Amino acid sequence: MKVVLFCGGLGLRIREAGDSIPKPMVPIGYRPILWHLMRYYAHYGHREFILCLGHRGDAIKRYFLEYEECISNDFVLSDGGKSVRLLSSDTDNWTITFVDTGAEASVGQRLRAVRQHLAGDEWFLANYADNLSDVPLPKVIEHAQSRGKLATFVSVRPSQTFHVVHTDPTSADVKAISAVTASDIWMNGGFFVLKSGIFEYLHEGEELVVECFQRLIEKQQLTTYRHDGFWHAMDTFKEKTALEDLFSRGRAPWEVWRDARGAGKTMRQ
């Protein structure tokens, strides 16, 4: 399936990482978070990407135009540095379509803008470009296709350290306080599996998970796959640092391609 990635956000809460690059290009280790997400999808055989560009889309284009395979792959250097032979490759079988979808566009508008690139595809995948997970993608797709709904998304438990307050509705007395991670609250974690018919419910200027999903709910055309494993967004510099720490310690759960080679283990943070 083709994979639509929404890469146009401004990333105002992560400006500490630098204003000169868009959020999808903020590095985790020696590669941007966008690369980690694309590598995840490619591991499961989904290697046709459509990047919905916006803020500093030029930086994303330039990165892939000047992509250096040697940075993340083993290679043999010979002839005094004149010859480089790669022992493995990341992107040799990737196809990437770059589409400028507007600096201020919403996710829904960006999706509508790439509709023509999905012509003839009954199913496709989509995601934000700033979250990582070890969610078993084949099971998500199987869940979606077995139910045949127009849209499926992965729901995850909140990872923030906030607390849920339970009060008496009449007196406002506090009855209990509990960690949000221990509650039965689930949130949208992205990782969408969509059918082409969703465009009939997504109108001009609308947001995907607001107006469009509300219509799908009314028509019983929206389902979710609950994932209780690792999921982590990168909205703030603190969250970026947490992902960087996992990577530097060799404990990055989203690197499912390493697990396939027996070189890594997944974990919950």
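The values are calculated or read from the model by the stated rules, or taken from the named source; none is laboratory data. Note that the structure is predicted; figures quoted are calculated from it, not measured. Reconstructed Cβ throughout: ideal geometry from the backbone, glycine too, with neighbour counts over all protein chains shown. What goes into the accessible areas is simple: the full protein's heavy atoms, side chains included, and nothing from ligands, DNA or RNA. Shrake-Rupley method; radii C 1.70, N 1.55, O 1.52, S 1.80 Å.
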How would you rank 230-239, 128-137, 96-105, highest first, on the average number of other Cβ atoms within 10 Å across their residues?
128-137, 230-239, 96-105
With every protein chain kept in place and a 1.4 Å probe, the range 189-255 has an accessible area per residue in Å² of 46 Å²
For a quick check: with amide H placed at 1.01 Å from N, whose amide H comes under 5 Å from V4's, ignoring anything fewer than 5 positions away on the same chain?
I50, L125, A126, N127
What's the extension gain from T97 to S196 if we count 0.36 nm per residue and subtract their Cα-Cα distance?
33.8 nm
Please work out whether the range 39-150 counts as rounded, prolate or oblate from its C-alpha gyration tensor, where a ≥ b ≥ c are the square roots of the eigenvalues and a/c under 1.5 means rounded, while otherwise a/b larger than b/c means prolate and anything else oblate?
oblate
Restraint check, K149/K195; K23/K240; K61/K238; K23/K238; K61/K240; K2/K195, Cα-Cα greater than 19 Å
K61/K238; K61/K240
Amide H partners (placed H, <5 Å) of S155, local residues excluded
G189, Y225, R226, H227
